[in-house]
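Since every read-out is calculated from the coordinates, none of them should be taken as a lab result. Keep in mind that this is a model prediction, so the values were computed, not measured. Here the Cβ positions follow ideal geometry from the backbone for every residue, glycine too, while neighbour counts run over all protein chains shown.
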Amino acid sequence: MSAIRIIHFLAVAIFAGFLSMSCGSDRDFAAKQEAGQKAFEEGDYNKAVNLFREAYLIQPSNRDVLYELGRTFKKLSLYDSALAYFKRGKLLYSNDRPINKEILDLSIGANDTKGALGAIASLIASGDNEKMYWPLMAELNYRENNLSLAAHYYQLLIKDNPRQANYFLMLSRVLAQMGDFEQSNGVLNLAIEAFGPSPEFYNNLAINYMKMKDLARTEEYMRMSLKLDTTSAPMWINLANILSDEGSRAKKQEALKIYKKYQKDAPPGFKIDSLIQALESELN
């Protein structure tokens, strides 16, 4: 047999071997995937995950196997593993709706704000109405410190549902964190007009005025808050802190009286004993 014919024979044999291995792998993959699906439906999730893993080793980019591995790990309460497979699926199939719904569900529980926001973006791109995600997008952007976006969504929510007081409070908080205390106070005043007086509304107004170095208005709104809720020891102590910083001896004496009244109820971080000693020394 000539050298050329030998080489030709070997090439044909190798190709036939590769073809046979490929067909075998395809059959193995289909068998393992089917067996894994059957085990999943029967509730044998440990068996299912092992079979899906074996199928994954044969075809690591197969969408259905990635999705089923994620679902099976989720059934086993192994949420990090589930999320890892769903995210691999998203890398390969970015707008796949079932995968993105699973990522959104798991990301919220795992406090993975970026993952959740990415899943929402894909769900909107694949047909969902953005409006249904406004509350979640406001909250997630706030957690992610995307304050201008959080403010944008809270403004949309207020416009769409002006009877939800919590949206006003959250918008005022976001604006305050952005340093826009005047606009934050404007939102709080709108909330008071819409919902009536509230210790929380007045407390937030007081905090804003305190950050604006307006102690007189801070004291005014703290007293208004305490008039509606007389039981808040931290608020009374905060009022005493403001009074002790003002120049009037009468106000410092009032502050000392408040400190002593709530001395036993104050959390350790308030350092009431030290405040009392300092104020007594100043007044004597």
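Quick look at the values:
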{"read-out": "Of the trypsin sites (Lys or Arg not before Pro) in region 143-221, those whose Cβ has at most 15 other Cβ within 10 Å and which sit in DSSP loop", "value": "R163, K213"}
{"read-out": "Theoretical gain in end-to-end length, E193 to K257 [0.36 nm per residue, Cα-Cα removed]", "value": "19.6 nm"}
{"read-out": "Of K213/K252; K75/K101; K211/K260; K213/K251, pairs whose Cα-Cα distance is over 20 Å", "value": "K211/K260"}
{"read-out": "Dipole in debye (nearest 20) - region 28-128, about Cα centre, beta carbon charges: Lys, Arg +1; Asp, Glu -1", "value": "220 debye"}
{"read-out": "Computed helical MRE - 222 nm, the chain, DSSP H runs ≥ 4 contributing -39500 (n - 2.57), nearest 500", "value": "-25500 deg cm²/dmol"}
{"read-out": "Top positive-direction residue, dipole computed over the chain with Cβ charges, set M170, L215, Y93", "value": "Y93"}
{"read-out": "Förster-model FRET efficiency, 41 Å R0, K131 and D245, C-beta, rounded to 0.05", "value": "0.35"}
{"read-out": "Listed candidates (1) 21.1; (2) 25.9; (3) 15.6 - label of the one calculated as mean projected area of the Cα convex hull in nm²", "value": "(2)"}
